Amino acid sequence: MIDIKEFGIHEGISEVILSTLSPEGIPNAAPIGLHMNDRKFFARIYNSKTLDNILGNHAAAANIVDDPFLFVQSALSDIEPGKFELKEGFPFLKDTLGWIVFDCRCRKGENISVVELSPVRSKILRRKIIPVNRGFNAVIEATVHATRYVVLKEQRYMDYINYYDTIVQKCGSPGDKDAMKLLFDLIRLYRLKI
Ligand SMILES: Cc1cc2nc3c(=O)[nH]c(=O)nc-3n(C[C@H](O)[C@H](O)[C@H](O)COP(=O)(O)O)c2cc1C
């Protein structure tokens, strides 16, 4: 029996990085909101590599991560293979504080699917005291808006990103500022592709 509270996960939505494996054996990672409601877990996932992989092999691992760079990189580009560790054939992020592997049952929708998640095994690798930091939280908010901006190209998302950047510059760690730099660089790349 997995004691989910040990992972700092409680009712509501926890932002994790979900790692999955494609049918061809290629690892993927993306930030996804892990919903917990009445001790049941689920995710609402838009059409994406993560969803394709879950539809392919019905498994995903929630990586509990406190690295802002990994959130930005996995949301807006691909994580390089060297940042994954394969255990029993499944990919986890090397820098994870802990992971939970889920069996996945997918109710497929046209644009968004509901994935019911049943925990099967887990591990805590590192325990850390993490004080609340507005800079880190602002990177996460900016990254959510960046994933919307690259799809919908609406200026209001850039305005939100610039607002959260002011908080990162005021309160964030050097790592948070590096993550924001990566975010702006990756957005610029998307703009060049349009
Ligand atoms: C903090 C955070 C939470 C996110 N939560 C979700 C989510 O719950 N469902 C979803 O479909 N996308 C979510 N996203 C967006 C995906 O991470 C993003 O679309 C990503 O590019 C998907 O990558 P993939 O194609 O490699 O799966 C979230 C992004 C961030 C930054």
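The values are calculated or read from the model by the stated rules, or taken from the named source; none is laboratory data. Since the structure is predicted, the reported quantities are computational estimates derived from the model, not experimental observations. Please note: Cβ atoms are built from the backbone with ideal geometry, for glycine as well, and neighbour counts cover all protein chains shown.
State whether one or more residues within segment 78-96 are within 13 Å of the ligand (Cβ to nearest atom), touching a strand residue (DSSP E or B) at 6+ places or on another chain (Cβ under 9 Å) and closer than 23 Å to HIS145 by Cβ. Within segment 78-96, one or more residues are within 13 Å of the ligand (Cβ to nearest atom), touching a strand residue (DSSP E or B) at 6+ places or on another chain (Cβ under 9 Å) and closer than 23 Å to HIS145 by Cβ.
For every residue, the table says whether it meets (1) within 15 Å of the chain's Cα centre (by Cα); (2) under 26 Å from LEU51 (Cα atoms).
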site: LYS83; (1), (2): yes, yes
site: ILE100; (1), (2): yes, yes
site: VAL114; (1), (2): no, yes
site: ASN133; (1), (2): no, no
site: ASN137; (1), (2): yes, yes
site: LYS177; (1), (2): no, no
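For segment 103-119, the criterion of a residue being more than 24 Å from HIS35 (Cα to Cα), more than 16 Å from the ligand (Cβ to nearest atom) and of a type in the set (Lys, Arg) is satisfied by no position.
All of LEU55, LEU18 fail the test of being free of Cβ contacts under 8 Å to residues at least 60 places away in the same chain and over 16 Å from the mean Cα position of the chain (by Cα), apart from LEU55. Taking (1) buried (at least 22 other Cβ atoms within 10 Å of the Cβ); (2) free of Cβ contacts under 8 Å to residues at least 60 places away in the same chain in turn, PHE71 satisfies each apart from (2).
If you check every pair at least six apart or on different chains, which have Cβ atoms under 7 Å apart with a residue in segment 142-153 that is within 14 Å of LEU189 (Cβ to Cβ) first and a residue that is at pLDDT below 95 and assigned to a helix (DSSP H, G or I) second? Cβ pairs passing all conditions: VAL150/TYR190. Total residues in segment 1-21 satisfying the condition of being loosely packed, with under 14 Cβ neighbours inside 10 Å and within 15 Å of the ligand (Cβ to nearest atom): the figure is 1. The residues on offer are THR147, THR143, and the sole one that is outside the structural domain of HIS10 (by TED's automatic domain parsing), within 16 Å of the ligand (Cβ to nearest atom), among the hydroxyl-bearing types (Ser, Thr, Tyr) and over 26 Å from GLY25 (Cβ atoms) is THR143. Applying the criterion of being crowded, with 19+ Cβ neighbours inside 10 Å and in a helix (DSSP H, G or I) to the residues of segment 38-68, the residue that is nearest to the ligand (Cβ to nearest atom) is THR50. Return yes when GLY33 is among the small types (Gly, Ala, Ser), modelled with pLDDT of 95 or more and near the ligand (Cβ under 9 Å from one of its atoms) and no when it is not. For GLY33, the condition - among the small types (Gly, Ala, Ser), modelled with pLDDT of 95 or more and near the ligand (Cβ under 9 Å from one of its atoms) - is met. The residues listed here are VAL144, VAL139; of these, the one that is out of contact with any helix residue (DSSP H, G or I) (no Cβ under 7 Å at 6 or more places or on another chain) and either at pLDDT 95 or above or among the aromatic types (Phe, Trp, Tyr) (or both) is VAL144.
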